[in-house]
1. What does the charge count around A:ALA30 come to, taking other residues whose C-beta lies under 12 Å from its C-beta (Lys +1, Arg +1, Asp -1, Glu -1)?
2. Which one, B:TYR303, B:TRP139, B:ASN17, projects farthest toward the positive side of the charge dipole computed for chain B from Cβ point charges (K/R +1, D/E -1)?
3. GNM, chain B, Cα, under 10 Å: largest mean-square fluctuation among B:GLY363, B:GLY253, B:GLY385?
4. Only bridges whose two residues both fall in the protein assembly as shown count here: according to DSSP, what percent of them are antiparallel, nearest 5?
5. Could you line up B:ASP53, B:ASP328 from fewest to most neighbouring Cβ atoms inside 10 Å?
6. From the square roots a ≥ b ≥ c of the eigenvalues of the alpha-carbon gyration tensor of the stretch A:19-86, which class results: rounded (a/c under 1.5), prolate (a/b over b/c), or oblate?
7. In chain A, what percentage of the DSSP-assigned beta bridges are antiparallel, given to the nearest 5?
8. Average partner chain C-beta neighbours within 10 Å, per residue of A:43-56?
Amino acid sequence: MANLKELSKNPERVTGGHRLCAGCGAGIVARQTLIAAGNTPVVLTSATGCLEVSTTVFPYTAWKTPFFHSAFENSAATCSGIETAYRSLKKQGKISDDIRFIAFGGDGGTYDIGLQSLSGAMERGHRMLYICYNNEAYMNTGIQRSGATPLGAHTTTAPAGKARQGKEQHRKNLTEIMIAHGIPYVAQAYVGNWNDYITKVQKALSVDGPSFINIFTPCRLGWNYKPEDTMPLARLAVETCVWPSYEVENGVYKINVTPKEKKPVTEFLKPQGRFKHLFKPENAHIIEAIQKEVDMKWELLQRKASAGCQA
Amino acid sequence: MIKTVYPKGKIAAKTGNEVMAEAMRQIEPDVVAAYPITPATEIVQIFSQFVADGIVKSEYVAVESEHSAMSATIAASAAGARAMTGTSSQGLALMWEMLYIASGLRLPIVMAEVNRALSAPINIHGDQSDTMGARDSGWIQIYSENSQEAYDNMIQATKIAEKAKLPTLVTTDGFIISHCMEVVETYPDADVKAFVGEYKPERYLLDIKKPYTLGSIDLQDYYFEHRYQLAQAMKDSQNVILEVAKDFEKTFGRKYDMYEKYKLDDAELAIVVIGSTAGTAKVVVDALREKGVKAGLLKIRVYRPFPAEMIAKDLANVKAIAVMDRADSCSGTFAPVYSDVVAALYSAGFTVPKVVNYVYGLGGREINTEHITQVYDTLGKIASGKEKPFAGIEYINVRIK
Ligand SMILES: Cc1ncc(C[n+]2csc(CCOP(=O)(O)OP(=O)(O)O)c2C)c(N)n1
Ligand code: SF4
Ligand SMILES: [Mg+2]
């Protein structure tokens, strides 16, 4: 459990003045990640995407800690290269600091184009934390569908139109794919619960091996909602079980936030412009399909957690 | 008995891949990240064995693709490590995006590259299409005629890259050099290490006391300047390459230049070629000289930066020149080296030589002394005015129909 009083003493290593949209979840993820790291030196990498382009417009930078962007699909391979250089130089006595390594990637850079690079880095066992700030589409290039985009959502490459109603597939379950890698720590988190997220980052940074956090990160532009609703909206995702907050530590599942009362998915879908078309009477079956999928996945997760299931 | 050039040198029979790995062992980079591909696989296999046996302090990253190999090498270099990789053909093609990032970030990476044809059709044999495709990527490109040169080039490349702050690749011709046993002289570890020196980056990501952001987005207001600086660095690297060659000669006794002139000074007919085919062509030049034909050869060693002014001067008085490309650019006009040579001559104001373009040896197709003799025959006819220089490309030893 993180302690707010203690955390408030930690340095701020992402400054304001960056160019993320007002209410962007990605900025919150970045800031809380570095607050969680406290005074531990960290080197960051990032995939191309909103977070990177908005925080590093030359000659300015929002980062007060070493930050490296190289390309879109290789944040994990990049982080693994830095971590390897660290091991090599440390072994030779050329550096003495204790440093941790964090790779950021959007859902596009993680679920899709960067999946191979991520899988390889995790399998090789580099001591690094990969954080997917998941806003469920390619936002930087103008809201295109990704493997993380949920069923029915409107995006600019799977738009809602006369003949089709947004994305026709369910999103893939990347968190489970990462769990299947057998790495020491995997978690799902969400913007809007600093305690849950910061605790997870601290746990992830403490394990001696690869770790992965998939954080649900609302995008006010792509999801089309009021900028002040970022946190309540992410909380609704947890309360409806659309995005459960859970972790898998050394193979053991644990649900971190159990909603007191599981709300219907419509409460999460309703405030968002990207799902507007689903509320036409003829699209009721899509909402039903979303509810069914959420129920099934939640049921499965609960069973895994209550059985103390080994991944 | 074969004598060493360097008094403390050691003579041994080695393949091109073995000597490249040997040079890497002696240089002992902090990080190597690579992915296997024929005919370069051996280099990284041998190197992994060095790591497994604890012979080198290097860390080896067995990545899951060449894209990640170059990504991890770039990252290691940016982190402050001396970093190397090796690849060939499809592997280099898969790295394409990252090649530009390596040079754009001015990282002194060294790559052992074995030239191989590009798919499709898939073919594992030697031609230079792969690195020719990367000729505009901002990498210094050094080609080798044989294993000795490959070994010497790797040692020099490390110093060149770090002084010029440009990534540098050293190539051998697939199978012809990479897999062929040759007599090679290697130098003692300590002497190679002393020559290469310690790597001291100006700034690096692991220097946490001086945090900085690398890989920023440049908009219309800065991008052009950064690319201009890169182009300038490439231009200036010619001096670095020549300085390092001088140092190398002083230390180890072998002379290197941007290119090699073989009986070129008084030549009337000349071939311009890159790589192992130069060895074959030298045999032909010798035979023609015996017969009184003034044949010569210019073998390009450093293709990027392209030593245009020097080459133009050295070719200015040749009557007929054949530029032999082991790659086609499918441009509907000429192959890459030809275009560079002609541009060099023309921009220097030399319009006397007649210059023709041959493409040969794609996918490892044989090129022998007879083929090259024929090229000189044609050059003789062009020089004497008996034949007009042909337009476009002549393809050597290919079934046209
Ligand atoms: C190889 C490559 N393909 C495509 C792009 C264009 N591109 C840049 S960012 C991006 C989408 C990023 O989406 P995501 O990873 O979800 O991050 P977000 O912008 O949503 O934060 C795309 C398609 C690129 N930069 N490189
Ligand atoms: S488009 Fe979305 S992800 Fe990108 S900066 Fe704006 S709110 Fe953030
Ligand atoms: Mg996204």
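We did not get these values from a lab; they are worked out from the coordinates using the rules stated. Model, not experiment: these values are computed from the prediction. So basically every Cβ, Gly included, is an ideal-geometry build from the backbone, and we count neighbours across all protein chains shown.
1. Working: positive: A:ARG13, A:ARG31, A:LYS64; negative: A:GLU12, A:GLU52.
My count for the surroundings of A:ALA30 gives +1.
2. Farthest along the dipole direction, towards plus: B:TYR303.
3. In this elastic network of chain B, the residue with the biggest mean-square fluctuation among B:GLY363, B:GLY253, B:GLY385 is B:GLY385.
4. Around 25 percent antiparallel, to the nearest 5.
5. Final ranking by Cβ density, sparse to dense: B:ASP53, B:ASP328.
6. Values: a/c = 1.77, a/b = 1.25, b/c = 1.42.
Verdict is oblate for the stretch A:19-86.
7. Of those bridges, close to 35 percent are antiparallel.
8. On the way: counts 8, 3, 6, 2, 0, 2, 0, 0, 0, 4, 3, 1, 3, 6.
If you average over the peptide's residues, the count of other-chain Cβ atoms is 3.
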